[in-house]
Amino acid sequence: MAYVNPERVLSPKDKVREVRVLYNTGPGPGRESWSIAEVNWGGEERVAIRWNGYDGGDGVGNPQSRGHPTWFVVPDPLKEAVMKEVERLTKTGRDQISEGYRAMARDRAREAEAKDWTEGLITDAGASEG
């Protein structure tokens, strides 16, 4: 198998009722695909972590039970530290995206090229209507 989408990890069925992924590194070629989620674990809201596997890899990530992907429930004394790190990671990701947009907007030559390209699409579309 390969990368396992953490939103679909609902095992063990007698414990996991709901999964809300808080942070997911997503699929990729390396072994660094992991997620943190809030899960309803036997009627109780808990924080859980899992390694999702990777593109081209074997298995279903870790943890797993009898070939089914599962979650590792974070012990309560570690919950606050994990949630602070999730907050930092998601903020850093948003900041990096925002900075990327700002850098693109500062690149006047690229902006002009993009404008010319989009205006060319409008012209092309208008020509096909006739």
| field | Candidates Ala81, Ala125, Ala48 - the one that is in a helix (DSSP H, G or I), at pLDDT 75 or above and aliphatic (A, V, I, L, M) | value | Ala81
| task | Among the residues of segment 27-37, write down those that are small (Gly, Ala, Ser) and over 21 Å from Gly67 (Cβ atoms). | result | Gly28, Gly30
| task | Specify which of the listed residues (Asp76, Asp58) is closer than 17 Å to Tyr3 by Cα, loosely packed, with under 15 Cβ neighbours inside 10 Å and either of a type outside the set (Gly, Ala, Ser) or free of Cβ contacts under 8 Å to residues at least 40 places away in the same chain (or both). | result | Asp58
| request: Would you tally the residues in segment 1-40 being outside any strand (DSSP E or B), acidic (Asp, Glu) and at pLDDT 90 or above? | output: 2
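A quick yes/no check of all residues on (1) under 20 Å from His68 (Cβ atoms); (2) loosely packed, with under 14 Cβ neighbours inside 10 Å:
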position: Leu10; (1), (2): yes, no
position: Leu22; (1), (2): no, no
position: Thr25; (1), (2): no, no
position: Val39; (1), (2): yes, no
position: Gly42; (1), (2): yes, yes
| query | So, in segment 61-73, of the ones that are surrounded by 12 or more Cβ atoms within 10 Å (Cβ to Cβ) and of a type in the set (S, T, N, Q), which residue ends up nearest to Ser11 (Cα to Cα)? | reply | Thr70
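The values are calculated or read from the model by the stated rules, or taken from the named source; none is laboratory data. This is a predicted model, so every value here is computed, not measured. Here Cβ is always computed from backbone atoms with ideal geometry, including for glycine, and neighbour counts include all displayed protein chains.
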